[in-house]
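Working notes, structure below.
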Amino acid sequence: MNTFTVQQPQITITGVSVRTTNAEELGPNGQLSKLWDTYFQSNLGSQKGINNPHLIYALYTDYESDASGAYTVVIGHEVGEDGLADNNDHPMVIPESKYLVFTTNKGPVYEVVAQCWGEIWSYFKESEEVRTFTGDYELYDAGNFDPTHAVVQIYIAIQ
């Protein structure tokens, strides 16, 4: 597992969202795959005001408590100031923070992302580093994206 630490500025994104829990996602009523379907049907990346349309953000925010509580997921794109008026589906802020970045192995996107999240949960059970639960995100570069051979970066906000 490759990791590095980075300080990131605040980013405003807009997209489609759902509120869920990890327990719900592990069962038959998981909503994240449907949220991805909704995102792909929205054609959001081609709308006015989107910055870097090849970058797709999956923001995990508004945590109820920690990894065991409810949270909101927003899948979308970065917007500039002029984009907020037109693309106000669910504008959310990725907070300025120090992030520990995990890079997935190369493979089928749903497998490598799920595997990486498992590694993240294990990592923080044993680590001295502390998650802030203020806003974590997955970053997908759709420019050269192959869902069968994907590499994704997952940014975890830390103290």
(message) If each residue of separation counts as 0.36 nm, what is the full-extension length gain between THR38 and ALA114 once their alpha-carbon separation is subtracted?
(response) 25.4 nm
(request) Compute the distance in nm between two label points, each set 7 Å from the Cα along the Cα-to-Cβ direction, one at TRP121 and one at THR3. (result) 1.6
(request) Could you pull out the longest piece of the chain with no exposed loop GluC sites (Glu not before Pro) in it, calling a site exposed if DSSP puts it outside H, G, I, E, B and it has at most 16 other Cβ atoms within 10 Å? (result) 1-63
(message) Please compute the modelled spin-label separation between HIS54 and ASP146, points set 7 Å along Cα→Cβ, answer in nm with one decimal.
(response) 1.6
(message) In the chain, if the dipole is taken from +1 on Lys/Arg beta carbons and -1 on Asp/Glu beta carbons about the Cα centre, which of ILE94, VAL152, THR72 is farthest to the positive end?
(response) VAL152
(request) Any chance you could get the radius of gyration and Dmax over the Cα atoms of segment 2-158, in Å? (result) 15.0, 44
(request) Quick one: dipole size for the chain, taken about the Cα centre, charges +1 on Lys/Arg Cβ and -1 on Asp/Glu Cβ, in debye to the nearest 20. (result) 140
(message) For segment 1-59, which trypsin sites (Lys or Arg not before Pro) pass both filters: DSSP loop (anything but H, G, I, E, B) and at most 16 other C-beta atoms within 10 Å?
(response) LYS48
(request) Label segment 12-51 by shape, choosing from rounded, prolate and oblate, from the square roots a ≥ b ≥ c of the eigenvalues of the Cα gyration tensor; if a/c is under 1.5 it is rounded, and otherwise prolate applies when a/b is larger than b/c, oblate when it is not. (result) prolate
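Each reported figure results from applying straightforward, stated rules to the coordinates on display, with no laboratory input. Quick caveat: nothing in here was measured; it's all calculated off a predicted structure. Neighbour counts are summed over all protein chains in view; Cβ atoms, including those assigned to glycine, are modelled from backbone coordinates with ideal geometry.
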